[in-house]
Amino acid sequence: LTINTKPQKLLTHFEKMMSVAPKSAVAVTITSDLVCPWCWVGLRKLQQASEEAKVDVDITWKPFMLRPNTPQEGQPKGGTPASRVPAGLKAAGNAVGIDFSGLTD
């Protein structure tokens, strides 16, 4: 699953898979950093494709630390909330029902 994959492409992929396989859940392994906004967008796209194709998805989660040197207490992002969310991320989030506001630190 890539972030730029449109739900329609995933839908086509699921339909092809399901035409040759018995009706059952499609196993998907997601390697994700829980604080990565692009991972959230990708998950929403997978969920949309699953709903459109009427295919159950069995997700296995694997952790990935995008920035493993970040202290446990976190780090302030700096800038203003508006400057923390690039236009592309804002648009991608809006397309899948996520409002990235940049308000969290």
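In the range 60-105, how many are out of contact with any Asp or Glu (no Cβ under 7 Å at 6 or more places or on another chain) and not in a loop (DSSP other than H, G, I, E, B)? Count: 16. LYS62 - would you say it is touching a strand residue (DSSP E or B) at 6+ places or on another chain (Cβ under 9 Å) and under 14 Å from VAL35 (Cα atoms)? Criteria met by LYS62.
Taking the residues in the range 1-46 that are within 13 Å of the chain's Cα centre (by Cα), open to solvent by 80 Å² or more (accessible area, probe 1.4 Å) and at pLDDT 65 or above as candidates, determine which candidate is nearest to ALA92 (Cα to Cα). Among them, the one singled out is TRP38.
The values are calculated or read from the model by the stated rules, or taken from the named source; none is laboratory data. Computed from a prediction, not measured in an experiment: that's the story for all the values here. Ideal geometry is used to build each Cβ from the backbone, glycine not excepted, and the neighbour counts take in all protein chains shown. Accessible surface is based on the protein model in full, side chains and every heavy atom, while ligands, DNA and RNA are left aside. Shrake-Rupley method; radii C 1.70, N 1.55, O 1.52, S 1.80 Å.
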